[in-house]
1. Could you work out which residue, out of Met57, Met139, Met251, moves most in a Gaussian network model of the chain, that is, has the largest mean-square fluctuation with Cα springs under 10 Å?
2. Given charges of +1 on the Cβ of Lys and Arg and -1 on the Cβ of Asp and Glu, with all other atoms neutral, how large is the dipole of the range 223-370 about its Cα centre, in debye to the nearest 20?
3. P(r) of the range 254-406 in 10 Å steps, Cα pairs, percent per bin?
4. Whats the longest run of the chain with zero trypsin sites (Lys or Arg not before Pro) that are DSSP loop and have at most 12 other Cβ atoms within 10 Å?
5. So for each of 17-23, 193-199 I average, over its residues, the number of other beta carbons within 10 Å; can you give me the resulting order with the highest mean first?
6. Leaving out ligands, DNA and RNA, what percent of the accessible area of the chain is carbon and sulfur, probe 1.4 Å?
7. How big is the convex hull of the Cα atoms of the chain, per residue, in Å³?
8. For the range 125-275, what is the convex hull (Cα atoms) projected area averaged across all directions, in square nanometres?
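The values are calculated or read from the model by the stated rules, or taken from the named source; none is laboratory data. These figures come from a predicted structure and were not determined experimentally. No Cβ is skipped: glycine too gets one built from the backbone with ideal geometry, and neighbour counts run over all protein chains shown. Side chains included, ligands, DNA and RNA excluded: accessible areas come from the protein's heavy atoms. Shrake-Rupley method; radii C 1.70, N 1.55, O 1.52, S 1.80 Å.
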Amino acid sequence: MTTQATYGLHASTMPDEQGLLGEFGGKIGHPELAKAMDELEIGFRQIIKDDDFIAEMQRLRETYVGRPSPIYHAKRLSEHCGGAKIYLKREDLNHTGSHKINHCLGEALLAKKLGKTKVLAETGAGQHGVALATAAALMGLECEIHMGVVDIKKEHPNVSRMKILGAKIVPVSRGAGTLKEAVDSAFEAYLEDIDNSMFAIGSVVGPAPYPEMVGYFQSVVGHEARAQFLAANGKLPDKVVACIGGGSNAMGIFSGFLGDEGVEKVAVEPAGEGLDTPRHAATMAKGVKGEIQGFKCYVLLDEQGEPAQVHSIASGLDYPGVGPQHSHLRDTGLATYVSATDQECLDAFMALSQLEGIIPALESAHAVAHAIKVAKTMSPDETILVNLSGRGDKDIDYILDKVGLA
């Protein structure tokens, strides 16, 4: 059974009392939201020390989510690439099909403790929306999910799942109609019912305490993975690779390895149609230090200095900002940030599907794409651990059309 020791962020990603990691992060200035964030932070710090909460999370992780998720050696994919051995941390096998359930259970339990009757949130690919709707159903809470109209059309299987689970879906058509606009819309709705509801953000983004809170609940992935890999191989992986939009799954798996200097931590962001075009969401490669939705981070800006409209084939990655922890890790050199194009993502999606019988989420396929690329440059005794953060059921119809199989 998962224990208390599997919780916790590394000291390098713990914010100060102002919610800052160096110059990144911070607390929101809006008076009403600031009061709600203080309530949330106090509740979070209390609940993670509560024995009943810890026991309940242990029970749900084991009997409801299906933790610990296994580590799988992708032998055929490794042989196809030649070079390093590729391993997968199978978060796609979790109940609801992704890593998102890890923090949604914690958020829903916290909402109950705070006396809230409703949780609301944004979603891009729909994985966070499905996980939150699931947790809300389990806890007897109302659930409202804001989702861009572009993503609703693209990810309709997850939209259907949310509806079946009892969630109210709010379509967002403003701007690009994708993830950033969904976040804006959800925050506005939260302000209208702030006493009865809790905003359950879907990544390590937003004002304090969200980056720390989501990272804390996701840290189980990294601590599990480190122990599992070491037990199976007698050594740690040479590289740990994860996709990154806001950064929750990358933060989760990196948490277990940030104290290991010999393990390279690599986050793969979406290069879209190319970094030489405006059609990407490569925040680390092309962004600047700025502010978005109440926190400081690296952000992609347009000519007017506003958060830019961005693009990725993966709806869960098309966000113009990135978590403050990742911004800090980038500047301190504790993690490396690279990118993969839409085409590289598609190729990796098909390779993993047809060589291993594992259909990955398009988001996760970005990490697989980088692993395929770098494995060829490494020796057979070296290893790569990929956080396979989600499964690709939601993407199947979209992919069939893209690769000409419809």
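1. Highest fluctuation of the listed residues: Met139.
2. Numbers: 9 positive and 19 negative charges, 88 e Å.
Once rounded to the nearest 20, the dipole reads 420 debye.
3. 11, 37, 35, 15, 2
4. 236-375
5. On the way: 17-23: 15.4, 193-199: 17.3.
Top of the packing list down: 193-199, 17-23.
6. Working: 7600 of 14980 Å².
Carbon and sulfur atoms account for 51 percent of the accessible area of the chain.
7. Working: hull volume 50.8 nm³, N = 406.
Convex hull volume per residue, Cα atoms: 125 Å³.
8. Working: hull surface 45.3 nm².
Mean shadow area of the hull around the Cα atoms is 11.3 nm².
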